[in-house]
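Here the structure comes first, spelled out in structure tokens, and everything after it is commentary.
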Amino acid sequence: MERRLLMKVSTGARVVPVLVLAMAALAACGPETDKAGSSGSSPVATASDASSSRGDSSAASQGRAGGEEGSADGASRDRSGVQDTDSGSGRGGEPQRCASGSLRVSVENQESGAGTTHFELAFRNTGTAPCALTGFPGVSFRGRDGAEIGNSADRVETTRATTVTLIPNARAVADAQVLNGQAGLSDSDCRLKSVSFLGVFPPDSRDQIDVPWKASECSVRGAHGLKIGPVHPVR
């Protein structure tokens, strides 16, 4: 009886250390396994993330580069388009103002009656490109020496000024009128002088064009015998 009890105790004593050792081994293996799992999964995840991050970064970089390149090309096309448009005669492709050097001015359609002579100043585009005229020309009588005689022409503003575009060799005209000589004025109010030409300044120009005009006109500043309207198409 005592021997059996001792054997049981002895057997139980052997079992306990074994269990303790097994539990210790399990405890030791548990952390190793966790550490290995986290360290094993962590590098893989990190590599994946890094690869994904590199891919995203590369894609984003390519996307930005492509976007910038496209934007630059678009801007270049826009700029060249604007330059192509502005490379025409004037802003936005509109014709430039007719310069005096590309105009020939003449007196046409003179008609006299009731103490007044009506005529047209014709402006012909002698250039190779279209040009535009807008508004009133400046006109005055000039003597042989080029000095102004009397007043420059008064504007007749009953007609609204418009822009007239002239293709090469086309004309625009401005209606003008002048008193016939003394036209009822006294000698002191008129003081006739011989005129050699009209000094004509095209609209918006400071360059004078000389147009022959052989007559005697009033030289007194108060006479105001010369009048001019705006340029308009030939009617």
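Here are some notes:
- Unique match (being open to solvent by less than 80 Å² (accessible area, probe 1.4 Å) and modelled with pLDDT under 95) among Thr85, Thr134: Thr85
- Residue satisfying all of: in segment 104-113; under 16 Å from Ala176 (Cβ atoms) and open to solvent by 20 Å² or more (accessible area, probe 1.4 Å); nearest to the chain's Cα centre (by Cα) among these: Ser106
- For segment 188-219, the tally of residues that are touching a Ser or Thr at 6+ places or on another chain (Cβ under 8 Å), over 19 Å from Glu108 (Cα atoms) and part of a loop (DSSP other than H, G, I, E, B) stands at 4.
- Residue that is surrounded by the most Cβ atoms within 10 Å (Cβ to Cβ), among those in segment 220-232 that are among the β-branched types (Val, Ile, Thr) and in a strand (DSSP E or B): Val231
- Tally, over segment 157-187, of residues that are outside any strand (DSSP E or B) and among the hydrophobic types (A, V, I, L, M, F, W, C): 5
- Filter result (hydroxyl-bearing (Ser, Thr, Tyr) and either surrounded by 16 or more Cβ atoms within 10 Å (Cβ to Cβ) or touching a strand residue (DSSP E or B) at 6+ places or on another chain (Cβ under 9 Å) (or both)) within segment 179-196: Ser194, Ser196
- Residues being in contact (Cβ under 8 Å) with a residue 40 or more places away in the chain and surrounded by fewer than 20 Cβ atoms within 10 Å (Cβ to Cβ) - total across segment 159-178: 12
- Of everything listed in (1) surrounded by 15 or more Cβ atoms within 10 Å (Cβ to Cβ); (2) modelled with pLDDT under 95, the single unmet condition for Gly70 is (1).
- Taking segment 130-156 as the range and being part of a loop (DSSP other than H, G, I, E, B) and touching a residue at least 60 places away in the same chain (Cβ under 8 Å) as the test, the residues that pass are Gly135, Phe136, Pro137, Gly150, Asn151, Ser152, Ala153, Val156.
- In the set (1) within 25 Å of Glu94 (Cα to Cα); (2) part of a loop (DSSP other than H, G, I, E, B); (3) open to solvent by less than 50 Å² (accessible area, probe 1.4 Å), Arg235 fails one condition alone, (3).
The values are calculated or read from the model by the stated rules, or taken from the named source; none is laboratory data. Predicted model only: the values in this text are computed from it and were never measured. As a convention, Cβ positions derive from the backbone with ideal geometry for all residues, glycine included, and neighbour counts pool all protein chains shown. These area figures cover heavy atoms from the full protein model, side chains too; ligands, DNA and RNA do not enter into them. Shrake-Rupley method; radii C 1.70, N 1.55, O 1.52, S 1.80 Å.
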